[in-house]
Amino acid sequence: MSSTSAVGPRRKIVGTSLKMYFDLNKTLTYAADLATISSQAAKHNIDLFIIPDFVSLLPVKDALKGTDVKVGAQDAFWEDAGAYTGEVSCRTLKQAGASIVELGHAERRRLFGETDATAAKKAAAACRNGLVPLVCIGEKTHGKIASQAVGMAIEECRPQVMSLLQAIPDDAELILAYEPVWAIGASEPADPDHVVAVTQQIRKMTEGRKGLTRILYGGSAGPGTYDRLREGVDGLFLGRFAHDIKNLEQVIKEMSD
Ligand SMILES: O=C[C@H](O)COP(=O)(O)O
């Protein structure tokens, strides 16, 4: 059953960022495998996406021709054109067939100086160019006392969400990926009660938006993760545990129930 929003039912959504794990050849093999399982998601009205690196985006798009799989980029610049060596614009990403752009991932914040402000400017550029921003938010440290951990996480996420909402049109589609930083690259996902409590509050922060707003959970997610998060999220943002396509197939199956 779909949850509802101000703009109607929210379709479930699941996908993966390949980060920089795969080279071009492996990425294309993966995309071909993804194409073979994509109808299972479509059949159950679940949106499916893949976010490869920049160079792989065009051939991945080609490998997925004829499927409903959405292709995204792992970053973009906030200007549409100009002297910005090394950057890629949302305008070009759109022309290349991307429909999603991931922004503000914890790794980009930690390693490349991404901030709430830069993620917000990039999200505005995404919306201006017809891309859906998928913005990663989440608290850095794991509060040891469960009751306090939820409140601390919400307060850390609040400015991340608010700076974003101020930067993009109210009617723009938005995907928020709640990824507690401490749960990324871990052996198992965050405690489901924690995720549900935090994502329900994140949902409240976006209440009243006109644009479709979906919330994903990411951070060591895989088979078995979604079921206990149903009350909080619209789907999953997978990393390593989607590298085996059978795991992704299993996640789609679990989300279809
Ligand atoms: O982009 C995906 C997330 O950072 C999660 O990655 P992970 O599942 O490998 O922890």
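By the count of neighbouring beta-carbon atoms within 10 Å, fewest first, HIS44, HIS194 end up ordered HIS44, HIS194.
Legend: ranking of residues LYS70, LYS144, LYS246, LYS253 from fewest to most surrounding C-beta atoms inside 10 Å; resulting order LYS144, LYS246, LYS253, LYS70. Which shape class, rounded, prolate or oblate, goes with the stretch 156-222 when its Cα gyration tensor gives a ≥ b ≥ c as root eigenvalues, a/c under 1.5 marks rounded, and past that a/b bigger than b/c marks prolate? Note, shape of the stretch 156-222 comes out prolate. Residues MET205, MET255, MET20 in ascending order of nearby Cβ atoms (within 10 Å, fewest first): MET20, MET205, MET255.
Spherically averaged projected area of the convex hull of Cα atoms, the chain: 12.5 nm². A viscosity of 1.567 mPa s and a temperature of 4 °C, combined with the Kirkwood radius over Cα pairs in Stokes-Einstein, give a translational diffusion coefficient for the stretch 1-116 of 84 µm²/s.
Using every Cα-Cα pair within the stretch 99-196, state what percent have a distance larger than 18 Å.
46
Quick note: the coordinates plus some simple rules give every number you see, no bench work behind them. This is a predicted model, so every value here is computed, not measured. Positions of Cβ are generated from backbone atoms using ideal geometry, with glycine treated the same way; all protein chains shown enter the neighbour counts.
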